[in-house]
């Protein structure tokens, strides 16, 4: 389950995180984004605390979306040590997302 947290900036959040962060860039009007939210809900329990999940509404934060070149929604970017290490545009099934995460950050396989 996602929890809201305030940061001075998006950069502070991704650079200061001890764990990888999966950022979901979405918009409230985007149908596939709502489906992706369900996928994230299914994947989260399987990755536990190994990955932090963050949602960024591109309508409210267009400057952050522009900074990371978000062209399609949903777009997921996986950050580790403050740097993007994977980018996924469009909808993925839970198993495919889990496999991508496992490949990037060596999660324990469930």
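Across segment 7-22, what is the total count of residues that are crowded, with 16+ Cβ neighbours inside 10 Å and either touching a helix residue (DSSP H, G or I) at 6+ places or on another chain (Cβ under 8 Å) or in a strand (DSSP E or B) (or both)?
4
Can you confirm whether residue 74 is surrounded by 19 or more Cβ atoms within 10 Å (Cβ to Cβ) and touching a residue at least 24 places away in the same chain (Cβ under 8 Å)? Talk me through it step by step, then tell me what you get.
Numbers: surrounded by 19 or more Cβ atoms within 10 Å (Cβ to Cβ): yes; touching a residue at least 24 places away in the same chain (Cβ under 8 Å): yes.
Yes, satisfied.
Working carefully through the options 88, 64, find the one that is buried (at least 17 other Cβ atoms within 10 Å of the Cβ), in contact with a strand residue (DSSP E or B) (Cβ under 8 Å, 6 or more places away or on another chain) and without any contact (Cβ under 8 Å) to a residue 24 or more places away in the chain.
On inspection, the qualifying residue turns out to be 88.
Looking at this structure, is residue 25 surrounded by 15 or more Cβ atoms within 10 Å (Cβ to Cβ), under 14 Å from residue 105 (Cβ atoms) and at pLDDT 95 or above?
Working: surrounded by 15 or more Cβ atoms within 10 Å (Cβ to Cβ): yes; under 14 Å from residue 105 (Cβ atoms): no; at pLDDT 95 or above: yes.
Taking the combined requirement at face value, the residue does not satisfy it.
Could you say whether any residue in segment 46-53 is touching a strand residue (DSSP E or B) at 6+ places or on another chain (Cβ under 9 Å), free of Cβ contacts under 8 Å to residues at least 12 places away in the same chain and under 16 Å from residue 92 (Cα atoms)?
First pass over segment 46-53, keeping only residues touching a strand residue (DSSP E or B) at 6+ places or on another chain (Cβ under 9 Å): 47, 51-53.
Next cut, free of Cβ contacts under 8 Å to residues at least 12 places away in the same chain only: none.
No, segment 46-53 has no match at all.
Regarding residue 97, is this residue within 12 Å of the chain's Cα centre (by Cα) and under 18 Å from residue 13 (Cα atoms)? Spell out the reasoning first.
Details: within 12 Å of the chain's Cα centre (by Cα): yes; under 18 Å from residue 13 (Cα atoms): no.
No, not satisfied.
The values are calculated or read from the model by the stated rules, or taken from the named source; none is laboratory data. Source: prediction; values computed, not measured. Every residue, glycine among them, receives a Cβ derived from its backbone with ideal geometry; neighbour counts consider all protein chains shown.
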